[in-house]
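Accompanying notes for the structure given below.
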Amino acid sequence: MLLECGMQEEGLFRVAPSASKLKKLKAALDCCVLDVQEYSADPHAIAGALKSYLRELPEPLMTFELYDEWIQASNIQEQDKRLQALWNACEKLPRANHNNIRNNVIEIQLLYIVPC
């Protein structure tokens, strides 16, 4: 849904959906009974559900354990060394976190590639 026309929406990840629509969407996702047609016209609801999911995780995808390493890597001035340090930190992530980040990055990249 986000990939279809999400980039045409102003403030896709900034503009909040209605609270009732977001609550209903999250409940549908929790029960695995999503009516795609109901939400296809509101990419803000989908983006809001993704943001909510990431915010409500018990631990950040980047993990508390690796926090200092992420900060140190981001402060490296030389781009090649910074990217290598970030890559090294990614390699230490639990497999589930790594996969989750990879899938989210791919979807966000596709938002910029797939024209509406």
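Derivation of every value follows stated rules applied to the coordinates shown; laboratory data play no part. Source: prediction; values computed, not measured.
Using θ = phi - 60° in the Karplus curve 6.51 cos²θ - 1.76 cosθ + 1.60, the 3J(HN,Hα) couplings for the range 65-71 round to 4, 9, 3, 4, 5, 4, 5 Hz; x is entered for Gly and Pro.
Its Cα gyration tensor gives the range 50-109 an equivalent ellipsoid; the semi-axes, largest first and in whole Å, are 21, 14, 11.
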